[in-house]
1. Identify, by number, the condition in (1) surrounded by fewer than 22 Cβ atoms within 10 Å (Cβ to Cβ); (2) over 30 Å from Leu117 (Cα atoms) that Ala319 doesn't meet.
2. Of the residues that make up the range 258-279, is at least one under 19 Å from Lys74 (Cβ atoms) and out of contact with any strand residue (DSSP E or B) (no Cβ under 9 Å at 6 or more places or on another chain)?
3. When the range 226-236 is examined, which residues are found to be assigned to a strand (DSSP E or B), farther than 21 Å from Ser302 by Cβ and in contact (Cβ under 8 Å) with a residue 60 or more places away in the chain?
4. Being part of a loop (DSSP other than H, G, I, E, B) and either more than 23 Å from Met168 (Cα to Cα) or at pLDDT below 95 (or both) narrows it down to one of Gly239, Gly254, so name that one.
5. When you go through Met145, Met168 one by one, which is the residue that is buried (at least 22 other Cβ atoms within 10 Å of the Cβ) and either modelled with pLDDT of 95 or more or not in a loop (DSSP other than H, G, I, E, B) (or both)?
6. Which residues, counting only those in the range 223-249, are over 23 Å from Ser41 (Cα atoms) and either among the basic types (Lys, Arg) or buried (at least 18 other Cβ atoms within 10 Å of the Cβ) (or both)?
7. Find all pairs meeting these conditions: Cβ atoms under 8 angstrom apart; at least six residues apart or on different chains; first residue within the range 276-301 and in contact (Cβ under 8 Å) with a residue 12 or more places away in the chain and assigned to a loop (DSSP other than H, G, I, E, B); second residue exposed (fewer than 14 other Cβ atoms within 10 Å of the Cβ) and among the acidic types (Asp, Glu).
8. On the given criteria, is Leu140 within 16 Å of Ile190 (Cα to Cα) and in contact (Cβ under 8 Å) with a residue 60 or more places away in the chain?
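The values are calculated or read from the model by the stated rules, or taken from the named source; none is laboratory data. Note that the structure is a prediction, hence the values are computed from the model and not measured. All Cβ positions, even for glycine, are placed from backbone atoms using ideal geometry, and neighbour counts span all protein chains on display.
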Amino acid sequence: MQIKLTMLIVGLLSLLGVTYYKFQKPKQERDQVKIAFEIKSKLGEGAFWDDHHQRLYWVDIEGKKVYLYDPQTKENQEFDMPSRVGTVVPKNKEEAVIALEDGIYILNTNSGDITLLSDVEAEMTYNRFNDGKCDPNGNLWVGSMHLDQSAPKANLYKIAPDGQATKMLDSVTISNGIVWTSDKKTMYYIDTPTGHIRAFDFDDETSTISNERVAVVIPGSLGFGDGMTIDREDKLWVGLWNGNAVARFDPLTGNLLEKIEVPAHNVTSCSFGGENFDTLYITTSSLDMDEAETKKYPLAGSLFEVKPGVKGVAGNFFAK
């Protein structure tokens, strides 16, 4: 009777155009969220696990820093950047590709030197680069964002290893999380103000996308979708700006499967890491909080970790 009643409710909601979100009980094996590294970053972002060398890349956008965190030693190496840095993806042990305000650069993690790879949006001073990740072929997909966050004037680009930039999407406001499924056939993407996680067919032969559709509608009550990663079940993990949590969504149904509370008001990105990809690292921001929120979340800006009971997958390096 309960099953029939639930199905009836879901059917009625569907007829009314209302999305049904199915909540599942948290997995019993999940640990509590805890501090991985305490720091007052302004706008922590861009988490990426380097499985070759067992370390986490991440950035502080407004602090203009690239970080390399070693969970074994608890050391967090930092590199000062000349402008705001939106994301970082390793290329090899000594190099990583980074997105600064005015273009895409290669960072030497031995010397800290940077070399310009692409200045594709250098003249668009009303934008800056934001989040990005690499596709299965080693191309960097990186998006810009409108600085005033008021108009869809930004874009999503594909940056090839030789620096060639191809515009893949336009009319973007705040380009954010981007991931690919294990079969390399689907790409998921977030333009934050839309409240949508969009899906695209991905052509692995040509590294192109088609057949755009909405996979998940993130209700405003949860916050705003920010950075994103994917697990071994091809489920999506999304940092929730203004949402105090990371959410797990099923992109095939649009359902919210689980929400993990984080002791920070603005949760920005996440990445599975550790030897077995069973630890979820979570970045946060210490900005955009009122006095009460600042008092409630004194650890905001820190790097957090949790074992959510599911495992992630290795991220794609640049120019693989």
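1. (2)
2. Looking for residues that are under 19 Å from Lys74 (Cβ atoms) and out of contact with any strand residue (DSSP E or B) (no Cβ under 9 Å at 6 or more places or on another chain), one finds at least one in the range 258-279, hence yes.
3. Here is the first cut: in the range 226-236, the ones assigned to a strand (DSSP E or B) are 226-231, 236.
This time we only want the ones that are farther than 21 Å from Ser302 by Cβ, so: 230-231, 236.
Across the range 226-236, the qualifying residues are Ile230, Asp231.
4. Matching residue, one of Gly239, Gly254: Gly254.
5. Being buried (at least 22 other Cβ atoms within 10 Å of the Cβ) and either modelled with pLDDT of 95 or more or not in a loop (DSSP other than H, G, I, E, B) (or both) holds for just one of Met145, Met168, which is Met145.
6. Taking the range 223-249 as the starting set, the residues that turn out to be over 23 Å from Ser41 (Cα atoms) are 230-236, 248-249.
Passing the criteria: Ile230, Asp231, Arg232, Lys235, Leu236, Arg248, Phe249.
7. Filtered contacts from the range 276-301: Leu299/Glu38.
8. Numbers: within 16 Å of Ile190 (Cα to Cα): yes; in contact (Cβ under 8 Å) with a residue 60 or more places away in the chain: yes.
It is true that Leu140 is within 16 Å of Ile190 (Cα to Cα) and in contact (Cβ under 8 Å) with a residue 60 or more places away in the chain.
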